[in-house]
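Accompanying notes for the structure given below.
The values are calculated or read from the model by the stated rules, or taken from the named source; none is laboratory data. Note that the structure is a prediction, hence the values are computed from the model and not measured. When we count neighbours, we look across all protein chains shown, and the Cβ atoms used for this are built from the backbone with ideal geometry, even at glycine. The accessibility values were calculated without ligands, DNA or RNA, using every heavy atom of the protein model including side chains. Shrake-Rupley method; radii C 1.70, N 1.55, O 1.52, S 1.80 Å.
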Amino acid sequence: PKVHLVQAADGRFNFMTSEIDALMQGGKAVSNASEGKAMAISFDEVSIKDGAFLYQAAGQETRVESVDLTLDAQSLDGPFTIKGSLSMNGQAIGVDAKTGKMDMKALSGPLNANIALDGLDVGFAGAVSGGGDDPKAQGALNVEIPSLAQISGNAALKGGMSLKGQVDASKTQARLSDLNIALEGMSMKGQAVAGFSPLSLDANFVAGEPLN
């Protein structure tokens, strides 16, 4: 399947019609009456093969292509399992994620995810919240870079790197604590705060014991 989604300046999407508006307003009343409980529906397996998604808003474009994903949903509010691969703006991404029961109104709940990029593996186990204007993620973070030369394009760099610690992230910053970094026979411990708007980094590390 191929989906082309456009959001206009007034926030409306290109699929919106007066009929859909009316259904959505009716759906809100039903949702309030049922106190946000999901219907008893489950999916043993939903597969997407060679899918594509194009999202346009505020003059910016996001392309998600080569989508090959399998989704399992025990109910409409989870737990969910999703596994497969896709390409976002030309970057190949592998996904293997599981959630627990989700609060669909707040888009919050437990998440265990592994994301594979080109030369980079990222693991996260914790809780996420995506509702409203303040998405958050808190939990354990694990980053593995098998080859620094491959990911940097600098053949002079030897070996790989691993990073483990705790992350507390929002849309404006990410706080990293209890960090343990292993890099080419060296180890470091510390903490860091990365700002996203504007971009900034404040880090404090101390050398650990040499690695054998």
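Okay, residues lined up against (1) modelled with pLDDT of 95 or more; (2) under 25 Å from residue 183 (Cβ atoms); (3) open to solvent by 40 Å² or more (accessible area, probe 1.4 Å):
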{"residue": "71", "(1), (2), (3)": "no, no, yes"}
{"residue": "77", "(1), (2), (3)": "no, no, no"}
{"residue": "83", "(1), (2), (3)": "yes, no, yes"}
{"residue": "91", "(1), (2), (3)": "no, yes, yes"}
{"residue": "110", "(1), (2), (3)": "yes, no, yes"}
{"residue": "132", "(1), (2), (3)": "no, no, yes"}
Original post:
Do you know which residues across the range 172-196 are of a type in the set (D, E, K, R) and modelled with pLDDT of 90 or more?
Top reply: 175, 178, 189
